[in-house]
1. Efficiency by 1/(1 + (r/R0)^6): what FRET value for Ala145 and Leu181, r their Cβ-Cβ distance, R0 = 22 Å, to the nearest 0.05?
2. If we count every other residue with Cβ under 14 angstrom of Arg105's Cβ, Lys/Arg +1 and Asp/Glu -1, where does the sum land?
3. Would you mind counting up the charge near Glu91? Only other residues with Cβ under 15 Å from its Cβ, with Lys and Arg at +1 and Asp and Glu at -1.
4. Taking square-rooted eigenvalues a ≥ b ≥ c of the alpha carbon gyration tensor, is region 1-123 rounded, prolate or oblate, where a/c under 1.5 means rounded and, failing that, a/b exceeding b/c means prolate?
5. If packing is taken as the mean number of other Cβ atoms within 10 Å per residue, what is the order of 96-107, 69-80, highest first?
6. About the Cα centre, and with charges only on the beta carbon of Lys, Arg (+1) and Asp, Glu (-1), how big is the dipole of region 49-119? Nearest 20 debye, please.
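Read-outs: derived from the displayed coordinates by stated rules, not from any lab. Remember, predicted model here, so these are calculated numbers, not experimental data. Every residue, glycine among them, receives a Cβ derived from its backbone with ideal geometry; neighbour counts consider all protein chains shown.
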Amino acid sequence: METLLHEITPWVSQYGLWIVFFGMMVEGTTMILATGILCYLGMLSPAEAFAAAAAGAILGDQLWYLLGRRYTRPLLARFPRLATHVNRLEEKVRSKGDWLAFSGRFIYSGAILFPLTLGVYRYPWKRFSLLDALGVGIWAAGGIALGALLGTGIERIFGELRRLEDLLLAIVLIGLGAWQLRRFFSRRKRDAQ
């Protein structure tokens with residue numbers, strides 16, 4: 001196990017920015033916190049990690065926006081009942097579109113849902129791109145800083161995080177905590193209905 005971990009460390013150092021970039025396109029919250037921890041440990045440069053995270057998040061948001069704009073309407077034409085439900089949202093999207101474009105990364109599942117929805121309702125692309133980039137920039141900087149802060153807290157709890165096993169343990173613990181919180185809030189929401 002020790003040998004495997006020593007082999008992984010240079011791999012993370014070499015390809016870590018690509019992992020951050022593509023990870024941000026798929027899943028943002030856990031990835032940005034892990035990125036902050038990796039920056040704290042000195043495995044990634046904070047400036048480079050910020051650029052990779054922001055670029056990945058913006059590209060991912062653009063893809064979801066374009067998917068919504070191009071493919072959702074033809075899909076809804078095949079399912080009229082679903083189209084009726086989706087059309088009810090149009091006025092809300094028009095009145096709160098700026099907020100949705102800016103805040104997508106700050107709200108759980110908003111990173112996919114908000115750009116997709118704004119694309120469906122043909123929210124202006126230039127406006128979406130500007131507000132999304134502004135929101136992503138603030139979110140990425142704050143997320144990396146929070147991840148680094150978590151790294152200092154984890155270091156106080158577990159001692160110095162110099163070995164990869166400690167880093168992996170920290171990431172697993174953060175992931176388990178996030179998963180438990182999600183389950184808790186899902187149960188509360190289900191019970192409230």
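1. That gives a FRET efficiency of 0.60.
2. -3
3. Neighbour charge sum, excluding Glu91 itself: +3.
4. Prolate, because a/c is 1.5 or more and a/b exceeds b/c.
5. Peptide ranking by packing, descending: 96-107, 69-80.
6. Value, rounded to 20: 300 debye.
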